[in-house]
Amino acid sequence: MSILIKNVLHSFRNEKVDIFVNNGKIEKIEKNLNLQADKVIDGTDKVLYPALSNMHTHAAMVLFKGYADDLKLMEWLQTKIWPIESKLTEEDVYWGTKFACLEMIKTGTTLFNDMYWHFDGCYKAVEEMGMRAILNAVMIDMFDEERQKFNEKRTLEIFDRYFNKNPLIKVGLGPHAVYTVSAKGLKFAAELREEKDTFIHIHLSETLTEVEDCVKKCGKRPPEYLDELGVLTDKTLLAHCIWLNPSEIELLAKRNSIAVHTPVSNMKLAVGGIMPKRELREHNVRICLGTDGAASNNNLDMTEEMKISAILQKWRNNDAEMPNAYDVVHRATEGFRVLGLKVGKLEEGDTADFILMKMHEIITPMHNPVSNFVYAASGTLTDTVICNGRVLMENGYVEGEEEIKENFFKTLNRLFNLT
Ligand SMILES: [Zn+2]
């Protein structure tokens, strides 16, 4: 399918251009293109930005948005989140994930890295929405051998059913964290990842308690422990990475693992620290950006995440120059490059994942559209979304959104007995 976008403001060039998309790629960017296309979109009063990648989330947790706020992390997990999660059915997760995809599309995200229960429901939802995702089979065994064996069996079934089935959806492994998964479980994940050449997505060093408990239990801090089990490679996505010491930063660099910055969730859950992003960058560690689940954020708006990550790191570094708006957009699109896709600069030859935002007072004047994207915009200005050369949203409308909303509310009613 080909798409011609006329007269749109290119954010990196800050000039009006036409964009021709063909076979999933941005084929041409020029003024006044005279080409035939299957679809023509008027870009007047719109700004062209790259689509964003949310590289740490638990999509279906949109069901719990605002349900349990202002609690300490462990209290939040143990008294609120885990009990309600135990009631979830596959259908709940399916509608929850669909609704999360709707929120992500409407705020400019086309790729996300997930970890959640009821894999079949997640997969079906993402496939139907036409988004890109890394869907990771979640593993929590709480050091119980029976649960660990069950996880192995379920994970292998998931791989049999879905691995390499859809080019937009990568199937990976989601051992939750060192405090919820046994060494045996982590080793299993590392070995299966090696065999399938896919990703591991895990939470790492989010709190000091996690680090101290790991030292007490295994005699090592979490990164070293994971490395010994073969978990750290260039296909490991590490969410949070707050409590890292200099030798651990060197270790992540050596293994070329990927750190995922989740500033809003970390601040909201008061994890007591900030990711040492500047030091990680100094060692060339790849860094992505993510929202975490909507129960701890409480939205999936990557535009908001960009701004908060930027101002948090400037404050931490005591340096107004670091990071700059271009660095931040680079981080927010790094997920695509982790998958080997060229997205983020809006150049000819790039994979066609991009968005059009409405001109609005919030992003006016346009002295610098990239700066406006990071510091001024809201994801809700997103008007049109293209993923892999396909239109996922046009004029703020996603096909089938009424049905998704209706069923999402039905799911909420059932879960929380609201009616
Ligand atoms: Zn998380």
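Every number here is computed from the coordinates shown, using simple stated rules; none is lab data. Since we're looking at a predicted model, the values are computed, not measured. Neighbour counts are summed over all protein chains in view; Cβ atoms, including those assigned to glycine, are modelled from backbone coordinates with ideal geometry.
Loop only per DSSP, at most 11 neighbouring Cβ atoms within 10 Å: give me the trypsin sites (Lys or Arg not before Pro) in the range 1-55, ordered by residue number. Let's see the in-between values first.
Details: sites: Lys6, Arg13, Lys16, Lys25, Lys28, Lys31, Lys39, Lys46; in loops: Arg13, Lys31.
Hits after loop and neighbour filter: Lys31.
Loop only by DSSP, 16 or fewer other Cβ within 10 Å of the Cβ. Give me the GluC sites (Glu not before Pro) in the range 177-218 that pass, ordered by residue number.
Values: sites: Glu191, Glu194, Glu195, Glu206, Glu210, Glu212; in loops: Glu206.
Taking the range 177-218 and a limit of 16 other Cβ atoms within 10 Å, no loop GluC sites (Glu not before Pro) are found.
So if I place +1 on the C-beta of Lys and Arg and -1 on the C-beta of Asp and Glu, and nothing else carries charge, what would the dipole magnitude of the chain be about its Cα centre? I want it in debye, nearest 20. Could you put the intermediate results ahead of the total?
Values: 51 positive and 62 negative charges, 76 e Å.
Roughly 360 debye, rounded to the nearest 20.
Are there any trypsin sites (Lys or Arg not before Pro) in the range 107-166 that are in a DSSP loop and have at most 13 other Cβ atoms within 10 Å? List them by number. Could the numbers behind the result be given before it?
Working: sites: Lys124, Arg132, Arg147, Lys149, Lys153, Arg154, Arg161, Lys165; in loops: Lys165.
For trypsin sites (Lys or Arg not before Pro) across the range 107-166 that sit outside H, G, I, E and B with at most 13 neighbouring Cβ atoms in 10 Å, the list reads Lys165.
How tilted is helix 90-106 with respect to the longest principal axis of the chain? Cα atoms for both, answer in degrees (0 to 90, nearest 10).
Tilt relative to the chain: about 40 degrees.
Relative to the Cα centre, what is the charge dipole magnitude of the range 20-145, using +1 at the beta carbon of each Lys and Arg, -1 at the beta carbon of each Asp and Glu, and rounding to the nearest 20 debye? Spell out each step's value before the answer.
Values: 13 positive and 20 negative charges, 135 e Å.
Roughly 660 debye, rounded to the nearest 20.
On the first, second and third principal axes, largest extent first, how far apart are the outermost C-alpha atoms of the chain in Å?
So the three principal-axis extents are 65, 50, 42 Å.
Note the angle between two axes, namely the Cα long axis of helix 401-416 and the longest principal axis of the Cα atoms of the chain, as a number of degrees from 0 to 90, rounded to the nearest 10.
Once rounded, the angle reads 20 degrees.
Which one of Val215, Leu4, Val398 has its Cα pushed farthest toward the positive end of the charge dipole of the chain, where Lys and Arg give +1 and Asp and Glu give -1 at the Cβ?
Positive-end residue among those listed: Val215.
Which is farthest toward the positive dipole end of the chain among Tyr162, Ala270, Ile249, measuring Cα position about the Cα centre, with Cβ charges +1 (Lys, Arg) and -1 (Asp, Glu)?
Ile249
Among the listed pairs Lys98/Lys268; Lys98/Lys358; Lys235/Lys268; Lys31/Lys358; Lys196/Lys358, which have their C-alpha atoms separated by more than 32 angstrom in this model? Let's see the in-between values first.
Details: Lys98/Lys268 25 Å; Lys98/Lys358 24 Å; Lys235/Lys268 28 Å; Lys31/Lys358 20 Å; Lys196/Lys358 42 Å.
In this structure, Lys196/Lys358 lie more than 32 Å apart at Cα.
Mind checking the angle between helix 145-162 and the chain's longest principal axis? C-alpha axes, 0 to 90 degrees, to the nearest 10.
Approximately 30 degrees, to the nearest ten.
I'd like to know which of Asn298, Val62, Leu35 lies farthest towards the positive end of the charge dipole of the chain, counting +1 on Cβ of Lys and Arg and -1 on Cβ of Asp and Glu.
Toward the positive end, the furthest listed residue is Leu35.
By count of other Cβ within 10 Å, fewest leading, how are Met142, Met115 ordered? Show your work: numbers first, answer last.
On the way: Met142 12, Met115 26.
In order of increasing Cβ crowding within 10 Å: Met142, Met115.
If Lys and Arg each add +1 and Asp and Glu each add -1, what is the summed charge of the other residues whose beta carbon sits under 9 Å from the beta carbon of Ile258?
Surrounding charge for Ile258 is 0.
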